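Everything on this sheet refers to the single structure shown next.
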């Protein structure tokens, strides 16, 4: 099982639209640097086929930049723009070029969103049940529910949570956990993730205490749908993983890849586009 992080950025990507911060300017000046980040996308290479975690709006760029083979299977964490809306990019491609429907695996709430918003796109939506494992190209996949959108799930019990998914991937004795955006994780999910060889975890608001005093940063420091700052590190440490790689890196800290890396504990890493695990 080979894992490649194709897109390591947060919802805006880096460089972000109209942004003049030092990180975005560096990414503009050097598009091949680790600070140039597309939106979330992870390639999983299994036996006889590959699939993607997320359907990034940057999939056109990612598929050409990394010369990806034909892929028609996608595991989606949730229905937010940066994790799903690449489906619009693949509409004509799947219909006229591949002549096959996309296979989209996701939660019930994401299924509902897809059927409502993208009813015009031919696709095969496979609604997954929380904690029910299945095999895709030799990789055992277990969807685990996460609390991510307080306005929708704050009052939902852990037993009924079915909106945002993380995924546990297992093959040949190795376990990798992908934890998409979240502010809390059910205890059952925590127990399944514990001890993973690698956790790919949401890093949107790491080091938010170092954010510059600017309107954008100040307005997002208390975003209730994600963990923040030291809370992230304290929680991740309880998962007892051998390695932690942060995804969804934003420009909000105005620190570049190397500066963020220097601030991390030894077994933590900052992802970048093209990173192989």
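The values are calculated or read from the model by the stated rules, or taken from the named source; none is laboratory data. Values in this document were obtained by computation on a predicted structure and should not be read as measured data. Methodologically, a virtual Cβ is constructed for each residue, glycine included, from the backbone with ideal geometry; neighbour enumeration extends over all protein chains shown.
Within the stretch 77-101, take every residue that is in contact with a helix residue (DSSP H, G or I) (Cβ under 7 Å, 6 or more places away or on another chain) and in contact (Cβ under 8 Å) with a residue 40 or more places away in the chain and give me the one that is surrounded by the fewest Cβ atoms within 10 Å (Cβ to Cβ).
Among those that are in contact with a helix residue (DSSP H, G or I) (Cβ under 7 Å, 6 or more places away or on another chain) and in contact (Cβ under 8 Å) with a residue 40 or more places away in the chain, it is 78.
Based on this model, can you work out whether residue 199 counts as closer than 22 Å to residue 158 by Cα, touching a residue at least 40 places away in the same chain (Cβ under 8 Å) and surrounded by 19 or more Cβ atoms within 10 Å (Cβ to Cβ)?
Taking the combined requirement at face value, the residue satisfies it.
Tally time: how many residues in the stretch 47-64 are at pLDDT 95 or above and either touching a strand residue (DSSP E or B) at 6+ places or on another chain (Cβ under 8 Å) or over 22 Å from residue 247 (Cβ atoms) (or both)?
The qualifying residues number 12.
What number of residues within the stretch 166-183 are part of a strand (DSSP E or B) and surrounded by fewer than 15 Cβ atoms within 10 Å (Cβ to Cβ)?
The number of residues fulfilling the criteria is 1.
Output the residue which, of all residues in the stretch 66-76 that are modelled with pLDDT of 95 or more and surrounded by fewer than 16 Cβ atoms within 10 Å (Cβ to Cβ), is nearest to residue 7 (Cα to Cα).
Within the stretch 66-76, the match that is nearest to residue 7 (Cα to Cα) is 66.
Out of all the residues in the stretch 236-258, which are in contact with a helix residue (DSSP H, G or I) (Cβ under 9 Å, 6 or more places away or on another chain) and surrounded by fewer than 16 Cβ atoms within 10 Å (Cβ to Cβ)?
Scanning the stretch 236-258 gives a single hit, 238.
Quick check on the stretch 172-186. Is at least one of its residues at pLDDT below 95 and within 20 Å of residue 246 (Cα to Cα)?
Yes.
For the stretch 188-277, which fully contained helices (runs of 4 or more DSSP H) count at least 1 residues that are in contact with a strand residue (DSSP E or B) (Cβ under 9 Å, 6 or more places away or on another chain)?
Helices (runs of 4 or more DSSP H) meeting the threshold: 229-237, 257-262.
Restricting the search to the stretch 1-15, which residues are in a loop (DSSP other than H, G, I, E, B) and either surrounded by 24 or more Cβ atoms within 10 Å (Cβ to Cβ) or in contact with a helix residue (DSSP H, G or I) (Cβ under 9 Å, 6 or more places away or on another chain) (or both)?
8, 10, 11, 12, 13, 15
Out of contact with any helix residue (DSSP H, G or I) (no Cβ under 6 Å at 6 or more places or on another chain), touching a residue at least 40 places away in the same chain (Cβ under 8 Å) and under 23 Å from residue 2 (Cβ atoms): does that describe residue 136?
Yes; evaluated as a whole, the condition is true for this residue.
Return the pairs, sorted by first residue and then second, in which the second residue is assigned to a loop (DSSP other than H, G, I, E, B) and at pLDDT below 95, the first residue lies in the stretch 40-55 and is on the phi > 0 side of the Ramachandran plot, the beta carbons are less than 8 Å apart, and the residues are 6+ apart or on different chains.
Between residues of the stretch 40-55 that are on the phi > 0 side of the Ramachandran plot and residues that are assigned to a loop (DSSP other than H, G, I, E, B) and at pLDDT below 95, the close pairs are 54/180.
So which residues in the stretch 148-165 are under 19 Å from the mean Cα position of the chain (by Cα), exposed (fewer than 15 other Cβ atoms within 10 Å of the Cβ) and either outside any helix (DSSP H, G or I) or at positive phi (or both)?
none
So residue 145 passes all but one of these: (1) in contact with a helix residue (DSSP H, G or I) (Cβ under 7 Å, 6 or more places away or on another chain); (2) surrounded by 15 or more Cβ atoms within 10 Å (Cβ to Cβ); (3) in a loop (DSSP other than H, G, I, E, B); (4) touching a residue at least 40 places away in the same chain (Cβ under 8 Å). Which condition number does it fail?
(3)
Looking at residue 18, is it out of contact with any helix residue (DSSP H, G or I) (no Cβ under 8 Å at 6 or more places or on another chain) and assigned to a loop (DSSP other than H, G, I, E, B)?
The answer is yes for residue 18.
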